[in-house]
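Just so you know, all these numbers are worked out from the coordinates, no wet-lab data involved. Remember, it's a predicted structure, so these values are computed and weren't measured experimentally. All Cβ positions, glycine included, derive from the backbone under ideal geometry; neighbour counts span all protein chains shown.
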Amino acid sequence: MLKRTSKFAAMLLAGLALGYVAASAHAAAGNADPRTAALQGALTGTPDGLASLDAWLGEPSALPALTAARAGSLIGDLRRLLRQGNTTVVQAAAERISRAALSGMRELRVARAAVPSNIHLGDGRFGFAFQPPGAQAPQQFTAISPGDPRIAGRNLKAVRSTNDQHVLRSGIVGIESVKLAMPSGNWRVLVLTSDDGPLSNAEPFGREVRVNNDTFQLASSRPNQWLQGATIGDGAAGGSPSGGVLMLPGRVSNATLTIAFSGGDSPTYVCAIIVEPADKPSLLRSGRDLQALLDPRTDTSAIAEAVAAIDDAIGALLADIPTAAGPGAGPDQLAQQLGLNNPPSPQQPAVSPN
């Protein structure tokens, strides 16, 4: 992996790829635009750089086609860098771009949804409300409070913002896992939270959720990253409060549904969980594009087309490598070009097709 030995080295590396030094100076000042930071991250492979690459390619509102277009544009810049003979660095950067793009397209998103005061479950659904002991649960919901064996976590704390029975008015902080008795079959799980609670700026669902044997990565669960335009049932009526909703598939084979949260930088905050049959329409209503972001499996053809576009871009890059290789590709000369004290290792992983 390429080692960054100074801010100047990283700045110059991004400048070479973009073809001008002004952008590098901008990056060195800490004000790089997201695209420049993403390209720099692909080239350097540092943790901060990869985070910038992931953030730009995996932007929560980016559909697969946009992610593929962004990845293709970065790979196009790498093709221009090949003219300098930097094949080793370019191949490693292309691998990082491809990996980040694929990861971003498969991550789950959180929707901001209007939630009515009285949610009518019906149709074989189950509702669970997380709240302080003794509080009355919303109609058709089962109350769960700290100390209940169905939930686990460190320092569980129940909070309630008002005395009404709206599912978003109460919740439990610090839930790490929920274990619910559920008939075997395929289910759809809606996890609700509120940014009007104690963790208004945090990641209420963490960055990774496991449902029984299936693990899902989240693009982000911070409220400022929630996608707009969804409702729970007829939640759009009457100015209903809004909260964050995460939609998950749940396959149950042993009459138990387990949901585990991890990877966040703060405790979780869960207000309610609704479990509904997967073969029936969901209470969570949204447009087609939003649905595809909330559940990437909704439109697998869009992801397949995006993957093919990235493969084409990488194929064009690989086709250029034989003509770019030559005396200029030597590690020592490459290090001199990039302003590095230590030449990069010539043993870098080859780009693997998606």
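Ordered by the count of other Cβ atoms within 10 Å of each Cβ, fewest first, HIS166, HIS120 give HIS120, HIS166. Provide the convex hull volume over Cα atoms per residue for region 36-81, in Å³. Convex hull volume per residue, Cα atoms: 57 Å³.
The ranking of TRP56, TRP226 from fewest to most other beta carbons within 10 Å of each one's beta carbon is TRP226, TRP56. Karplus-based coupling profile of region 172-178, in residue order and whole Hz: 10, 8, x, 5, 9, 8, 10, with θ = phi - 60° in 6.51 cos²θ - 1.76 cosθ + 1.60 and x standing for Gly or Pro. All other residues whose Cβ lies under 13 angstrom from that of PHE205 are scored, Lys and Arg at +1 and Asp and Glu at -1, for a net of -2. Between ASP214 and ASP279, the distance separating the two model label sites (each 7 Å from Cα on the Cα→Cβ line) works out to 1.6 nm. Every pair of different Cα atoms in region 217-287 enters the Kirkwood calculation, which places the hydrodynamic radius at 14.6 Å. In summary, region 44-189 shows an alpha-carbon radius of gyration equal to 1.58 times the 2.2 N^0.38 Å reference for compact globular proteins. Positive contributions from Lys and Arg (+1) and negative ones from Asp and Glu (-1), summed over other residues with Cβ under 9 Å from the Cβ of TRP187, come out at +1.
The fewest-to-most ranking of LYS280, LYS157 by surrounding Cβ atoms within 10 Å reads LYS280, LYS157. Hydrodynamic estimate: the Kirkwood radius of region 130-174 over Cα pairs, inserted into Stokes-Einstein at 10 °C and 1.306 mPa s, corresponds to D of 149 µm²/s.
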